[in-house]
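**Student:** Below: one structure in structure tokens.
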Amino acid sequence: MGKQITEHVKWVGKIDWQLKTFHGDELSTSHGSSYNSYLIQDEKTVLIDTVWQPFDKEFVSRLKQEIDLKDIDYIVMCHNEIDHSGALPELMREIPDTPIYCTAAGEKIIRGHYHCDWNFVNVKTGDTLNIGKGTLTFIQAPFLHWPDTMFAYLDTDHILFSNDAFGQHYATESLFNDANCKAEIYAEAIKYYANIVVPYSNFVTKKVNEVLSMGLKIDMIAPSHGVIWREDPAQIVTKYLEWANDYQEDQITLIYDTMWNSTRLMAEAIADGIRDYDPNIKVKLMNAAKEDKSDILTEVFRSKAIMLGSPTYNHGYLYSIAGMIEIIKGSAFKNKKAAAFGSYGWGGEAVKKLSDELTACGFEVVDEGIKAIWIPDEDVLAQCRAYGKSFAQKVSE
Ligand code: FEO
């Protein structure tokens with residue numbers, strides 16, 4: 001059933017407890033997710049966003065328990081990726097003439113997805129929709145995170161419907177951020193930002209400042225995934241501005257793969273060297289073949305520097321590292337330093353190739369890295385440790 005969240009607004013979305021991956025298998029969602037849809041009941045009735053297609057029939061059926069679908073005057077689609085627009089075809093079978101308010105880019109996406117000639121009304125920033133006592137104001141937010149994205153602001157209840165922005169893949173019955181599990185909510189919010197929003201950080205800064213300059217009274221930020229920010233909603237706005245500003249913590253992350261443990265031994269010795277330089281630097285070692293790649297990317301986002309490590313394999317490096325390079329490259333991180341390391345038996349091309357890839361990913365590669373032949377002995381591990389210390393110094397300057 002729906003849940004009343006303010007005088008005029010009811011949550012009518014779907015909590016997806018069992019979702020473990022998103023965007024195909026691209027993103028892990030270990031705490032599930034939700035597809036938040038909202039029903040505004042004023043003199044007019046408005047539905048904001050729908051849910052993912054696998055839940056379309058359930059969504060429409062539950063919506064019918066809340067309201068006669070024919071009473072829905074307007075549908076507002078803030079963003080039309082499948083997880084929010086997926087139930088539109090099922091819904092529009094019942095109410096085919098209901099106007100769909102969306103951006104022009106949103107209309108193109110809906111048409112491209114569902115190939116239906118529905119009653120679209122294109123809106124842009126500053127356009128309003130009077131619904132009785134209240135008014136919805138639309139604010140385009142392109143590339144937060146798709147070209148079609150927009151926010152909608154409801155003045156009576158002081159809610160900003162932000163769609164993906166400020167969201168988290170987090171399943172909870174509580175709906176609000178003022179419940180338990182605050183650490184989990186933030187962990188999921190930063191993971192969401194690191195994995196989905198980072199490439200669009202310039203747009204985030206511009207849009208957030210634009211919305212702040214509008215002076216809207218915002219009591220709640222209601223995203224399309226996870227909890228609604230009701231307790232101090234400004235906190236997630238502040239975090240977004242922080243995250244969008246070339247975010248980094250005092251952390252160095254070593255991402256490696258290993259065949260016979262030589263590269264792992266190097267990673268551990270380098271990590272010891274980093275701690276020798278400054279025990280307060282947080283050091284993380286992540287085996288790319290074993291760790292969740294979305295979690296690795298989140299740690300890269302947190303880090304001021306990273307190291308990539310791989311043994312040389314067929315003149316290159318191992319494919320788990322190649323996969324991580326592809327993900328990291330797409331994220332277009334800024335203001336981070338890096339270097340490479342790895343073991344080899346002959347050839348030893350991996351370290352140079354990894355260094356080149358790090359440069360191509362936009363990292364400042366601070367030196368030529370370090371490599372070790374066969375299994376590192378105590379002397380070589382001492383060199384790795386010394387290297388870690390010098391690397392930490394270079395990236396802390
Ligand atoms: Fe939650 Fe961009 O869709």
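The values are calculated or read from the model by the stated rules, or taken from the named source; none is laboratory data. Because the structure is predicted, anything quoted here is derived from the model rather than measured. Counting neighbours? That spans all protein chains shown, and the Cβs are built from the backbone with ideal geometry, glycine included. For accessibility, only protein heavy atoms count, side chains too; no ligands or nucleic acids. Shrake-Rupley method; radii C 1.70, N 1.55, O 1.52, S 1.80 Å.
**Student:** What pairs come up if the first residue lies in region 385-397 and is in a helix (DSSP H, G or I), the second is open to solvent by 50 Å² or more (accessible area, probe 1.4 Å) and among the hydroxyl-bearing types (Ser, Thr, Tyr), and their beta carbons are under 9 Å apart, counting only those six or more places apart or on different chains?
**Tutor:** From region 385-397, the pairs are Gly388/Tyr277; Lys389/Tyr277; Ser390/Tyr277; Phe391/Tyr277; Ala392/Tyr277; Gln393/Tyr277; Ser396/Tyr277.
**Student:** Inspect region 333-346 for any residue being in a helix (DSSP H, G or I) and open to solvent by less than 60 Å² (accessible area, probe 1.4 Å) and give the result as yes or no. Quick ask: steps written out before the conclusion?
**Tutor:** Step one: of region 333-346, the residues in a helix (DSSP H, G or I) are none.
The answer is no; no qualifying residue exists.
**Student:** Which of the residues belonging to region 1-27 are more than 15 Å from the ligand (Cβ to nearest atom) and open to solvent by less than 70 Å² (accessible area, probe 1.4 Å)? Quick ask: steps written out before the conclusion?
**Tutor:** If we filter region 1-27 for residues that are more than 15 Å from the ligand (Cβ to nearest atom), which is where we start, we get 1-12, 17-18, 20, 25.
Matches in region 1-27: Gly2, Lys3, Ile5, Thr6, His8, Val9, Lys10, Trp11, Val12.
**Student:** Every residue in region 249-277 that is within 24 Å of Ser28 (Cβ to Cβ), open to solvent by 30 Å² or more (accessible area, probe 1.4 Å) and in contact with a Phe, Trp or Tyr (Cβ under 8 Å, 6 or more places away or on another chain), please.
**Tutor:** Arg264
**Student:** Now, a different point. Being open to solvent by 20 Å² or more (accessible area, probe 1.4 Å), assigned to a strand (DSSP E or B) and aliphatic (A, V, I, L, M) is the filter here, so list the residues in region 285-319 that pass it.
**Tutor:** Hit for region 285-319 is Leu285, nothing else.
**Student:** Another question about this same structure. Got at least one residue in region 196-214 being of a type in the set (A, V, I, L, M, F, W, C) and part of a loop (DSSP other than H, G, I, E, B)?
**Tutor:** Within region 196-214, one or more residues are of a type in the set (A, V, I, L, M, F, W, C) and part of a loop (DSSP other than H, G, I, E, B).
**Student:** Further, regarding this structure: Going by the structure shown, is Gly32 touching a strand residue (DSSP E or B) at 6+ places or on another chain (Cβ under 7 Å), within 30 Å of Tyr170 (Cβ to Cβ) and surrounded by fewer than 21 Cβ atoms within 10 Å (Cβ to Cβ)? I'd like the intermediate steps shown before the answer.
**Tutor:** Working: touching a strand residue (DSSP E or B) at 6+ places or on another chain (Cβ under 7 Å): yes; within 30 Å of Tyr170 (Cβ to Cβ): yes; surrounded by fewer than 21 Cβ atoms within 10 Å (Cβ to Cβ): yes.
Considered against the rule, which asks whether it is touching a strand residue (DSSP E or B) at 6+ places or on another chain (Cβ under 7 Å), within 30 Å of Tyr170 (Cβ to Cβ) and surrounded by fewer than 21 Cβ atoms within 10 Å (Cβ to Cβ), Gly32 comes out as yes.
**Student:** Something else now. Take the residues in region 198-232 that are within 20 Å of the chain's Cα centre (by Cα) and hydroxyl-bearing (Ser, Thr, Tyr), then tell me which one is nearest to Trp11 (Cα to Cα).
**Tutor:** Ser224
**Student:** Residue by residue through region 197-248, note down the ones that are within 15 Å of the ligand (Cβ to nearest atom) and among the small types (Gly, Ala, Ser).
**Tutor:** Matches in region 197-248: Ala222, Ser224, Gly226.
**Student:** Those residues that are touching a residue at least 24 places away in the same chain (Cβ under 8 Å), open to solvent by 40 Å² or more (accessible area, probe 1.4 Å) and away from the ligand (no atom under 16 Å from the Cβ), I need them from region 78-103; list them, please.
**Tutor:** Glu94, the sole residue that qualifies.
**Student:** In region 68-127, which residue that is assigned to a loop (DSSP other than H, G, I, E, B) and among the hydrophobic types (A, V, I, L, M, F, W, C) is farthest from the chain's Cα centre (by Cα)?
**Tutor:** Filtering first and then ranking leaves Ile95.
**Student:** In addition: Within region 51-71, identify whether any single residue is open to solvent by 10 Å² or more (accessible area, probe 1.4 Å), out of contact with any Leu (no Cβ under 6 Å at 6 or more places or on another chain), acidic (Asp, Glu) and within 16 Å of the ligand (Cβ to nearest atom), and answer yes or no.
**Tutor:** yes
**Student:** Continuing with the same structure: Does at least one position in region 19-28 carry a residue that is at pLDDT 95 or above, touching a Phe, Trp or Tyr at 6+ places or on another chain (Cβ under 7 Å) and not in a strand (DSSP E or B)?
**Tutor:** No, there is no match, as no residue in region 19-28 is at pLDDT 95 or above, touching a Phe, Trp or Tyr at 6+ places or on another chain (Cβ under 7 Å) and not in a strand (DSSP E or B).
**Student:** Consider region 187-206. How many of its residues are open to solvent by 20 Å² or more (accessible area, probe 1.4 Å) and touching a residue at least 12 places away in the same chain (Cβ under 8 Å)?
**Tutor:** 6
**Student:** Conditions first: (1) in a helix (DSSP H, G or I); (2) open to solvent by 10 Å² or more (accessible area, probe 1.4 Å). Asn280 passes all but one, so which condition is the exception?
**Tutor:** Condition (1) is where Asn280 drops out.
**Student:** Pick out the one residue from Glu349, Glu364, Glu299, Glu291 that is farther than 28 Å from Pro199 by Cβ, modelled with pLDDT of 95 or more and among the acidic types (Asp, Glu). Step through it out loud before you land on a result.
**Tutor:** Values: Glu364 fails: farther than 28 Å from Pro199 by Cβ; Glu299 fails: farther than 28 Å from Pro199 by Cβ; Glu291 fails: farther than 28 Å from Pro199 by Cβ.
None of the others qualify; the one that does is Glu349.
**Student:** What is the residue count in region 122-143 for residues that are more than 19 Å from Asp219 (Cα to Cα), away from the ligand (no atom under 16 Å from the Cβ) and open to solvent by less than 30 Å² (accessible area, probe 1.4 Å)?
**Tutor:** 4
**Student:** Name the residues in region 155-172 that are in contact with a strand residue (DSSP E or B) (Cβ under 6 Å, 6 or more places away or on another chain) and under 17 Å from Ser37 (Cβ atoms), would you?
**Tutor:** Hits for region 155-172 are Asp157, Ile159, Leu160, Phe161, Ser162, Phe166, Gly167, His169, Ala171.
**Student:** Inside region 144-167, can you point out the residues that are within 11 Å of the ligand (Cβ to nearest atom), in a loop (DSSP other than H, G, I, E, B) and of a type in the set (S, T, N, Q)?
**Tutor:** Thr149
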